[in-house]
Each structure stands twice: as C-alpha cells, then as structure tokens.
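A short worksheet on the structure shown next.
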Amino acid sequence: MSTTVRSFAKINLGLAIGPGRPDGFHSLTTLYQTIAVHDLVTVEARPAGAASIVLTSDDGRVPLDERNTAFKSVKLALESKRAGVKGVGAEVRIHINKRLPVQGGLGAGSANAVAALIGLERELRAHCVTPLSGPERLRIAAQVGSDVPLFLIGGAVLGVGRGEEVYPMPDLPVTLCVVALPEIGVSTPQAFRDWDARHDSSQGGGLTEATGSDRLNVLSRALASALCDPYSSGVFQEDLAAKTVRPAGLFAGANPLHALVRTGIENDFEEVVFPQNPLFGEIKRVLAGPEDPEVAALYVSLSGSGSALFGLYGSQDAAASAVARLDGMGVRSLLTETMPRERYWRSLIEGISD
Ligand code: C5P
C-alpha cells in the first residue's frame, strides 16, 4: 500500500519585508494563496525495528538526502516525542514526481514537506500509530522552512513572523491564474541580503526597527481592510435586509480580491530582483496585458523571491491571451486557478478528490 498526496503550489498576494532579526531571518508579512498546480508525493511506510528513509524522484535536480524538505519533515516526525513510532522506528519510502519548478518562488519544495508528512501519517495510521497533534505538525513544518506551515492550512493564509506563523484567512473566490516561469535562478537568501544592502545604503544605517515595522503594518492594514471590505461598503446592510447569513467576508457581488488590489499590495522582492534582469519587468508588462479591461490582468506580481511571476484574470479569454503572449516571447507558463481551503483539503489525497 502507498499514499499519493498532491503537493500544491502557492503564490504571494503582497509581501512586505521588515527588519532583520537576531536569528538571521527577516520579519515579514504576506498573504499566501494556494493554487491548483502540483507535484505528486507518494509515501509508503510501516513500523520497523529502526527508522529508515529512502527518497527517490523522477527529476535529477531534486536532492535525495537530508537537504530535501520532504526528507527533513519525515525525519522530524519520526523523531518527535509525540509520534507513536518513537523508539520503534519506521521504514519509509518517498517518491517525488516533480511537475513544478524546483526553485521558483512557488513553495514547491515546502509543499513537498507537508505532503510527505500527511502521507506518512496516513500510512502509519493503518498500523494504529498515534498521529501528531496539529500544533506539533505546525512546529515540525516551521522547523523545515519559513513557508512550509502555510501548506498545513491552505487557501488564503496570512504569514507573519518569518513567514512561518500562519493564520487562515477568509477564502477569496476561485480566480484564474497564469504563472510565468522564466529560466532565471533566484536565491532567496541572496534576495534578502540584496534587500538589506539596498536599504542600508539608501537609509543610512539599515532598515531600522521603526521603518521596517511600518512596512509590515501597511500591508497588515491593507489585508485587514480588503478582507472586510464587503462589510464596510454597504453590502452588509443589503444582506441584513435580505435576512441572509453568509460566510465571513464572502458576499455575492463583492470580490475581496478587487478590494485587495485597490489597496496597492506589492511584493518588496520586486525592488531587488527586477533590476537584476530586464526580463522580469517585460514579463510583468506582458502578464498585465493591454489596457482593455476585457483582457487586462486583475493583478500581476512576482511570487515570493521569484523567479515565477503570476497574473490573475477575470475570464478564461483573458487568461488564455496572457498564455499566448508569453508563448510569443518564448516564456513557459502554467494556466491554473486559486485553490480555496476546502477544495485544497478535498483534493490533497489522490483518488479521494473532486
Ligand atoms: O526558512 P527558509 O529555509 O525558507 O529560509 C531560507 C533562507 O532565506 C534563510 O536561511 C534566510 O537567509 C532567508 N530568510 C530570511 N527571512 C525570512 C525567510 C527566509 O532572511 N523570513
């Protein structure tokens, strides 16, 4: 028996970089959003005399040892004081079927870590092994990487701290998304260093606690106001009149994504990554499209530290024309859509999906 888990990607709807922290990380605020493109992670596990993990992949660029995020999360789970296999061990085989770029700002490696954890627990449950508690799972995920815990929530997720402190947000309506995949490598630690260097010289002594925190607060306020916009725009009263009760933040005819875009959300990494290659700016313009509201993107941004960029679109025609424009300039792309939380969880395990 084995369990195959869909390992979905994410984009960032706004990302503000704050001050550097004593642990070498940066404070940040971001709204993560899961999208429907995915890798496949297959896990086979059974209790055994000692713990062993064997990792394989169809993609030669995927590390097969402790550097791999899926390897790390499974190892930490087997070592966890709370895991039922502690002291007994388990024999674990993981196979990663790679469909997403290895280093693209789409969180693919981070999602693999959560998919492997979910696969492991499902496999061991068949042998009556006690599952991890929710908080323990989140702790392990944060230990593997800053943008791993978001995949234990799915949908629209607020990320603060170094990105690992996550909160579920009201879901945004399913929206078409075109992801552009330029063949440019971007190193996340280097992008953070470039950010520091840029702000060191432009502000005479670094991004101070106050200015850095201001950036985070600006984005937090934008997210909070956009996600409650349907209430504050008067739609709430109309709904009260109709005596209907709806899920928080989701009102007919009011798309919180539009409100979010109106706040002017940005990804701070664009400031340091775009000057490194003119292709980034060109792709952003191409994703944005002509002024015509029928085909123009609702929102375009770099995802994480890149190199992937994405556009969100209001119609299939608008998204298809963005794919065609990227094709014309020789840039590979993926046409997908945003994935709300419930659908994310329903689709996670292959074979029991919608
Ligand atoms: O957490 P993760 O392993 O993804 O981080 C990779 C690197 O990116 C860190 O070692 C650090 O240099 C940088 N980073 C950061 N601030 C964050 C997240 C990552 O400086 N909030």
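The values are calculated or read from the model by the stated rules, or taken from the named source; none is laboratory data. Treat the numbers as computed from the prediction; the structure is a model and nothing was measured. When we count neighbours, we look across all protein chains shown, and the Cβ atoms used for this are built from the backbone with ideal geometry, even at glycine. Ligands, DNA and RNA are stripped out before the accessible areas are found, and what is left, the full protein with its side chains, is counted by its heavy atoms. Shrake-Rupley method; radii C 1.70, N 1.55, O 1.52, S 1.80 Å.
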Fill in: Accessible heavy-atom area order of Ile96, Ile53, highest first, probe of 1.4 Å
Ile53, Ile96
Worksheet entry | Two-site label geometry, Arg262 and Ala324: point separation in nm, points 7 Å out along Cα→Cβ | 3.2
Worksheet item: What order do you get for 175-184, 162-171, 57-66 when each peptide is scored by the mean count of other beta carbon atoms within 10 Å, highest first?
Response: 175-184, 162-171, 57-66
Response to the item:
Tilt, helix 209-227 to longest principal axis of the chain (alpha-carbon atoms), in degrees rounded to tens, equals 80
Worksheet item: Heavy-atom accessible area per residue, the stretch 254-354, 1.4 Å probe: how many Å²?
Response: 45
Worksheet item: Do any GluC sites (Glu not before Pro) in the stretch 257-327 lie in a DSSP loop with no more than 12 other beta carbon atoms within 10 Å, and if so, which?
Response: Glu291, Glu294
Worksheet entry | Sequence-separation-based contact order of the chain, relative, with Cα cut under 8 Å and 6+ spacing, percent | 24
Discussion item. Using +1 at the C-beta of Lys and Arg and -1 at the C-beta of Asp and Glu, which of Pro189, Pro256, Ile283 has the Cα lying farthest in the positive direction of the dipole of the chain?
Written reply: Pro189
Response to the item:
About its Cα centre, the chain carries a charge dipole, from +1 on Lys and Arg Cβ atoms and -1 on Asp and Glu Cβ atoms, whose size in debye to the nearest 20 is 1020
Worksheet, complete the sentence: Phi-derived 3J(HN,Hα) across the stretch 278-288 with the Karplus relation (6.51, -1.76, 1.60, θ = phi - 60°), rounded Hz, x for Gly and Pro, is x, 4, 4, x, 5, 5, 4, 5, 5, 5, 5
Practice prompt. Over all directions, average the projected area of the Cα convex hull of the chain and note it in nm².
Written response: 19.7
Worksheet item: If you place +1 on the Cβ of every Lys and Arg and -1 on the Cβ of every Asp and Glu, how big does the dipole about the Cα centre of the stretch 1-128 come out, in debye to the nearest 20?
Response: 220
Worksheet item: At 222 nm, what helix-only mean residue ellipticity would the chain give, in deg cm²/dmol to the nearest 500, using -39500 (n - 2.57) for each DSSP H run of four or more?
Response: -11000 deg cm²/dmol
Worksheet item: Of the heavy-atom accessible surface of the stretch 29-90 (probe 1.4 angstrom), what whole percent is carbon and sulfur?
Response: 52
